[in-house]
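Notes for the one structure printed next.
Every read-out reported here was derived from the displayed coordinates using simple, explicitly stated rules and does not represent laboratory data. Bear in mind the structure is a predicted one, so any value in this text is a computation, not a measurement. Using ideal geometry, Cβ is built from the backbone for each residue, glycine included, and neighbour counts are taken over all protein chains shown.
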Amino acid sequence: MAFSPNLIADLQQIWYYQFMQNAYEAGTLVAIIGGVVGYFVVLRRSTFVAHAFSEIGFAGAAGAILLGIPAIAGMILGSTVGGTGIALLSRRSSHRDVYIGIVLAFALGLGLLFINLYPGGYATEAISILFGEILGVRRSDVLLTLVLSVLILFGVGIVYRPLLFSSLDEPVAEAKGLPTLFLGIVFLFLVALSVSISIQVTGVLLIFSLMVTPAATAQHLASKPRNVIIISVAISLAATWTGLFVAFYTPYPVSFFITAIVFGLYILVRVLHRKIKAPGEQRRGWKERMQTFVRDYSP
């Protein structure tokens, strides 16, 4: 198929197919979750956490396929168990890299074991988990993604303000009596669920495209947290929808177009932002925001 001058007709043609409807619905949910949770991932400097959970989720998915159960169930179980373990091993997020590496290495070993134990036919499913296969999403996967998305958004809504304060300055938040350990566990649990459903779109190796890049781009376009989150979600949605549309009319994978769009937009924003705003002004703005949030939580 090829593009036509009538984009509306092209969209109608896409929506004629059930698998494209499923892809757009799942992609929309994942983009929203990636934009929201990704903001806290970037704010807490926890991009390594998102990558680690994707690798842990891959091990869980490989084990699930070996047992004959849905791969996404294994992703969710592996990511949540691994995230809880990481949070319990390290009280503060700034000291978490070592423990992430330990759990990640063990998870990758398990994944390799599961691959070798599988009798055959695993290569196709392994590739889809590694790089994403949103065009193969089933209706049941869309419904599961919807349930998990509502759960994640509900969780973020409950802990939004304390999590935001803890993310900006964890020692000060702890000194003011906030349960930073509990918030850290909740945050990692939310990231684990988000990564598990995002793998359907971008795969394990490309998880940064929706969990990190849109939020990192949005931070250069706005200063208030809610505005950053809104822009991050908008970028994720635009990239996902455009990627699906282009991939339908080309022989290339959706993940490539999504990652290319968000990466190109990030580079464009960084270049334009440097020309408009000096680095010194950026630092002063960040410091002022920090002081504002500290005053908000003062007794």
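Before moving on, here are some points about what is shown:
- With a Förster radius of 30 Å applied to the C-beta separation of Leu113 and Leu143, the computed FRET efficiency comes to 0.45.
- Label point at Glu174 placed 7 Å out along Cα→Cβ; residues across the range 32-74 whose backbone nitrogen lies under 18 Å: 44-46
- The range 147-202 versus the range 1-79: alpha-carbon centroid distance in Å: 19
- Shape summary of the range 140-247, radius of gyration then Dmax from alpha carbon positions: 15.3, 51 Å.
- The calculated FRET efficiency for Leu151 paired with Arg274, based on their beta-carbon distance and R0 = 45 Å, is about 0.70.
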